[in-house]
Amino acid sequence: MFVFAAEGGEEHNPIIPIWQEIVVGTVAFAILCYVLMKFVFPRMEQTFKARVEAIEGGIKRAESAQAEANQLLEQYKAQLAEARTDAARIRDDARADAEGIRQDVLAKAREESDRIIAAGKEQLAAERQTIVRELRAEVGTIAVDLASKIVGESLADEARRKGTVERFLSDLESAGAR
């Protein structure tokens with residue numbers, strides 16, 4: 001154990017400091033405080049302000065970026081809704097066009113069918129007229145021949161024959177109408 005000797009040969013009490021040490025410590029503390037307050041604290045304050053401004057600026061930039069992102073999201077949603085509306089309109093237009101085309105095709109098919117039926121009826125009527133004329137002539141000839149054989153006289157005279165044929169056909173038609 002070391003024992004420090006005091007200046008006067010007295011032994012020093014370890015609890016009470018020496019006054020010179022108190023003065024030197026106080027001066028050193030004052031110089032340290034002066035240096036800290038004059039040079040270090042202002043630099044630290046500038047650094048803290050810069051950091052606060054950077055953080056606040058970052059927050060503001062983040063808020064503006066968030067606002068811009070929200071605006072872009074709203075634009076995207078509006079464009080998406082518009083695109084969906086356009087798609088629905090185009091789909092409805094296509095359906096309407098398809099229905100119109102279908103109706104046109106059906107109308108043309110009906111017209112063509114009606115035309116074909118009418119042409120067939122006309123053709124049938126013409127063929128019927130031709131067949132009726134041919135049958136009248138043939139029936140007339142057969143009737144005259146048959147009547148000649150039954151009556152025993154010649155019905156060669158054309159005028160008489162025509163009158164007989166006409167009477168016979170009229171009788172047949174009246175009998176068929178009953």
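The values are calculated or read from the model by the stated rules, or taken from the named source; none is laboratory data. Please read all numbers here as calculations on a predicted model, not as lab measurements. When the accessible area is computed, the model is the full protein with side chains, heavy atoms only, and any ligands, DNA or RNA have been set aside. Shrake-Rupley method; radii C 1.70, N 1.55, O 1.52, S 1.80 Å.
Some notes on this structure:
- Every residue from the range 55-79 that is under 20 Å from the mean Cα position of the chain (by Cα) and open to solvent by 100 Å² or more (accessible area, probe 1.4 Å): TYR76, LYS77, GLN79
- Among the candidates GLU82, GLU138, GLU134, residue that is over 26 Å from SER170 (Cα atoms), part of a helix (DSSP H, G or I) and open to solvent by 90 Å² or more (accessible area, probe 1.4 Å): GLU82
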